[in-house]
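Please read the structure below before turning to the comments.
The values are calculated or read from the model by the stated rules, or taken from the named source; none is laboratory data. As the structure is a prediction and not an experimental result, all values here were calculated from the model. Cβ coordinates were reconstructed from backbone atoms using ideal geometry, including for glycine residues, and neighbour counts include every protein chain displayed. Surface accessibility is based on the protein's heavy atoms, side chains included, excluding ligands, DNA and RNA. Shrake-Rupley method; radii C 1.70, N 1.55, O 1.52, S 1.80 Å.
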Amino acid sequence: MMAAAAVPIALLLPYVIDTYTLTVLAIYAMLALSLGLVWGYGGILCFGQAAFFGLGAYGYAVGAINIGESTIAMVVAVAASAAFAAILGAMMFYGRLGDVYLAIITLVVTLILYRFMSSTAGDAYVIGKARLGGFNGIPGFPTLHVPGDPSAYIWGDALYYLCAAILVLVLILVKLLLSSGFGRIAVGIRENETRMSLLGYDVRARKTLLFTIGAAVAALAGALFANWGEIVTPRLFGLTQSAEIIIWCIVGGFGTRLGPVLGAASMGYLKFLLGQQSLIDNTLVMGLILILVVLFLPRGLVPALAGLWDAAWQRVPARRVQRRRRDLV
Amino acid sequence: MDLIAVMAVEFLYAVASLVLISAGLAVVFGMMRVINLAHGEFMILGGYVTITAVNLGVNVFIAMVIIAPLAVALIGVVVERLVIRHLYGRLVDTMLATWGLSLFFIGLVTVIFGNTTTGISTPIPGFAIGDYRINGYSFFIILVAVLLLAAMAVILRTTRFGLIARGTMARPDIAAALGHETERIYMATFAVGSALSGLAGAVLAPLVGLVPGSGAAYIAKAFITVIAGGPQLLAGLMSSATFFGVVNQLFTFTISPVIGEVALLVAAVILLRMLPRGITGRFFRERSS
């Protein structure tokens, strides 16, 4: 139903906002959805989703330069990021790290990548034909084109429709994943890890797999972002980027699929509007929003609105599997 | 011989700066279990207060040791009353709200001071040991770190405030039953932690040019030092600061400063992977207030 509603919305939006902005909003929505899946349904407090986003972008740039073609580069980007997530995830989950340590470690890993990528200027840091370029990043890689026809570039409006289509596709896949046995067990693990492992499910393997899937979605968003921006820089790994992803999800509401998507789109657009004026600092507003939402709307916008809707029609709240974030710890 | 002396000072300096960076967080996070992701920003606020005071003509040492900690403690009290107070025991929400605070302060500093590097010169001149020049200010940092550790040990172990604070953090219900106002003790402890962060930021300010985003450089180091340190506040702080300081300097000397930083963070991830317990047990104890 949601996907069916998303299609006309995606087609109508270009009449209101220009497609260049819309493209990045769709990419942000995909990125937020990846964290919404890992954190909201898997209960994994990942503070470093930006790491996989950035790796996806870098993976695409390096792949595209070396291969000279975009379709395989996309696959390379997603695969590289997912492999990194699988190793990191296995290390953390098989080490049975607590939630908060997991948060700190994912954050530290993001910082390491940021530091490392910022210091890769010079000829020593080369992957194949691609120079990593240090703080300035990698510009000038081949952008997305129709598979098999390297001269037919996908850009502008076409890139927007492609990103929107991929977003809808990812939404459907996430829905299917969550209604499958794997998704239900993931939610079960979020609710009570000990119980699920006593029931005989391998919690560590399942968490690692979910973490990897989330990273793959984030990498896909990253690869598309590289195409949109036509440059990748270490800023993709920055603390601000990590914080923003979490802000989107918190504002929208964890434990829903729509929440992160709407949160990302609305916050992304707000950031875009704030960027056009110089009176108030952008970071200041984002920080303030995060504090206020945590204090006054700890479940996020979508669950709060859904609650209002139910109350208005005097409906008994639907039996959605949803808990407040504070209970996840 | 000269090289060894210089290296010894450099190693001591690395350890001392880690102690300074982490001391405030050790109180706020180690004692109060408040994950303050705005710790780095508290530090740079201390630095900015110092720079402003020095530019207004205040003696640099007074600005660093007295004015900056007091100013940041005041900010800490305001933050505690407005935000942190509502979130005690809600670990993840505290993390998120303090991350919001961190962004807020970065924005605020950008608005006030602009997105440029500000700094003051080091007040103690360097001197030569044999063929090598050494930064005289390093000795001041080491001295401050040693005094700070001693003061914390004395206050926590021998004074009445230290006793009450430790008791309140352990069992707020019992402390309240004994007639202590736990709310105010939390506030005071948070203020002390903030003051320590402000002091650290102020003392380190002459060594680094401050930009609004500088706090990010401290936050990871501070957290891994405190977490790796474990439940014993002071012993943990000293041991993990020594370990990470040595790792950092070893790689800085042999390869490059950036690799030194990366090595520190990698060492932290590996250390946490190997020794995750002991800390967690303390950490997830339910607060019953």
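Tell me the total accessible area that A and B bury against each other, 1.4 angstrom probe, in square angstrom rounded to 100. Could the numbers behind the result be given before it?
Numbers: alone 16010 and 13780 Å², together 26000 Å².
Answer for the A-B pair: about 3800 Å² buried.
Hey, what angle do you get for helix B:39-55 against the long axis of chain B, alpha-carbon based, 0 to 90 degrees rounded to 10?
The two axes meet at around 60 degrees.
Hey, what's the Kirkwood Rh for chain B if you take every pair of different alpha carbons, in angstrom? Write out the running numbers ahead of the final one.
Numbers: mean 1/r = 0.0513 Å⁻¹.
That comes to 19.5 Å for chain B.
With N set to the residue count of region A:2-238, report its C-alpha Rg divided by 2.2 N^0.38 Å to two decimal places.
Values: Rg = 18.3 Å, N = 237, 2.2 N^0.38 = 17.6 Å.
Compared with the compact-globule rule of thumb, region A:2-238 sits at 1.04.
If the reach is capped at under 14 angstrom between alpha carbons, list the aspartates and glutamates near residue B:221, excluding any in the same chain fewer than eight residues apart.
Filter leaves B:41, B:261.
Could you tell me which of rounded, prolate or oblate describes region B:89-183, using a ≥ b ≥ c as the square roots of the eigenvalues of the alpha-carbon gyration tensor, with rounded for a/c under 1.5 and, failing that, prolate when a/b is larger than b/c and oblate otherwise? Show your work: numbers first, answer last.
Details: a/c = 3.67, a/b = 1.43, b/c = 2.56.
In terms of gyration-tensor shape, oblate.
Top mean-square fluctuation among B:161, B:42, B:243, Gaussian network model of chain B, C-alpha springs under 10 Å?
Ranking B:161, B:42, B:243 by mean-square fluctuation puts B:161 first.
Taking a probe of 1.4 Å, how large is the accessible area per residue of chain B, in Å²? Intermediate values should be presented prior to the final figure.
Numbers: 11920 Å² over 289 residues.
Accessible area per residue, chain B: 41 Å².
Find the percent of Cα-Cα distances in the protein assembly as shown that exceed 48 Å, and round it to a whole number. Numbers along the way, then the final one.
Working: 25860 of 190653 pairs.
In whole percent, the share of Cα-Cα pairs in the protein assembly as shown beyond 48 Å is 14.
Please work out the average accessible area per residue across region A:2-238, using the 1.4 Å probe convention, and give it in Å². Don't skip to the answer; put the middle values down first.
Numbers: 9220 Å² over 237 residues.
That works out to 39 Å² for each residue.
Straight distance only, please: which lysines reach the Cα of residue A:207 with their own Cα at less than 24 Å, same-chain residues fewer than 8 apart left out?
A:175
Which of A:166, A:72, A:231 ends up with the largest GNM mean-square fluctuation for chain A, with Cα atoms connected below 10 Å?
Among A:166, A:72, A:231, the largest GNM mean-square fluctuation belongs to A:72.
Which whole number of Å³ per residue matches the convex hull of the alpha-carbon atoms in region B:133-214? If you can, show how the numbers build up before the last one.
Working: hull volume 8.7 nm³, N = 82.
Per-residue hull volume (Cα only) is 106 Å³.
Could you rank B:1, B:187, A:286 by how accessible they are, 1.4 Å probe, largest area first? Each step should come with its number before you reach the end.
Working: B:1 170, B:187 55, A:286 10 Å².
Order by accessible area, largest first: B:1, B:187, A:286.
Got a sec? Charge dipole of region A:153-293, +1 on Cβ for Lys and Arg, -1 for Asp and Glu; which of A:287, A:155, A:205 is way out at the positive end?
Positive-end residue among those listed: A:205.
Roughly how tilted is helix A:258-275, in degrees to the nearest 10 and between 0 and 90, from the longest Cα axis of chain A?
50
Region B:94-117: which residues show an accessible-area loss of 50 Å² or more, assembly versus chain alone, 1.4 Å probe?
B:95, B:96, B:99, B:103, B:104
Determine the calculated [θ] at 222 nm for chain A from helices alone, applying -39500 (n - 2.57) to every DSSP H run no shorter than 4 residues and normalising by the residue count; nearest 500 deg cm²/dmol.
-22000 deg cm²/dmol
Given DSSP loops and a limit of at most 15 other Cβ atoms within 10 Å, what is the longest stretch of chain B that contains no such trypsin sites (Lys or Arg not before Pro)? Display every interim value, and only then the final one.
Values: sites that count: B:277, B:285, B:287.
Here the longest run is B:1-276.
Dipole of chain A (Lys/Arg Cβ +1, Asp/Glu Cβ -1, origin at the Cα centre): which of A:27, A:58, A:259 lies farthest to the positive side?
A:259
Among rounded, prolate and oblate, which fits region A:3-97 when a ≥ b ≥ c are the square roots of the eigenvalues of its C-alpha gyration tensor, a/c under 1.5 means rounded, and a/b larger than b/c means prolate?
Numbers: a/c = 2.80, a/b = 1.31, b/c = 2.14.
Oblate is the answer for region A:3-97, as a/c is 1.5 or above yet b/c matches or exceeds a/b.
Tell me, what ³J(HN,Hα) does each residue in region B:15-22 have, in order and in whole Hz, if you take phi through Karplus 6.51 cos²θ - 1.76 cosθ + 1.60 with θ = phi - 60° and put x for Gly and Pro?
Those phi angles translate into 5, 4, 5, 5, 4, 4, 4, 8 Hz.
With +1 assigned to the C-beta of every Lys and Arg and -1 to the C-beta of every Asp and Glu, and no other charges, what is the dipole magnitude of region B:2-215 about the Cα centre in debye, to the nearest 20? Please list the in-between numbers first.
On the way: 10 positive and 9 negative charges, 107 e Å.
Computed charge dipole of region B:2-215: roughly 520 debye.
Under unit Cβ charges (Lys, Arg +1; Asp, Glu -1), what dipole magnitude, rounded to 20 debye, does the protein assembly as shown have relative to its Cα centre? Could the numbers behind the result be given before it?
Details: 38 positive and 25 negative charges, 399 e Å.
Here the size comes out at about 1920 debye.
Among A:89, A:148, A:137, which one shows the biggest mean-square fluctuation in a GNM of chain A, springs joining Cα atoms closer than 10 Å?
Largest GNM mean-square fluctuation: A:148.
Give the shape of region A:233-317 as rounded, prolate or oblate, defined through the alpha-carbon gyration tensor: a ≥ b ≥ c are the square roots of its eigenvalues, a/c under 1.5 means rounded, and otherwise the shape is prolate if a/b is larger than b/c and oblate if not.
On the way: a/c = 2.49, a/b = 1.99, b/c = 1.25.
Since a/c reaches 1.5 and a/b is larger than b/c, the shape of region A:233-317 is classed as prolate.
Helix A:99-118 versus the longest principal axis of chain A: what is the Cα-based angle in degrees, 0 to 90, to the nearest 10?
10
Mind checking which lysines have their C-alpha under 22 Å from residue A:129, skipping anything on the same chain fewer than 8 residues away?
The reachable lysines, counting only those whose Cα sits under 22 Å from residue A:129, number zero.
Just the number, please: carbon plus sulfur as a percent of the accessible area of the protein assembly as shown, 1.4 Å probe, no ligands or DNA/RNA counted.
Details: 17640 of 26000 Å².
In the protein assembly as shown, the share of accessible area belonging to carbon and sulfur is 68 percent.
Can you give me the Cα centroid spacing of region A:258-305 and region A:40-116 in angstrom?
25
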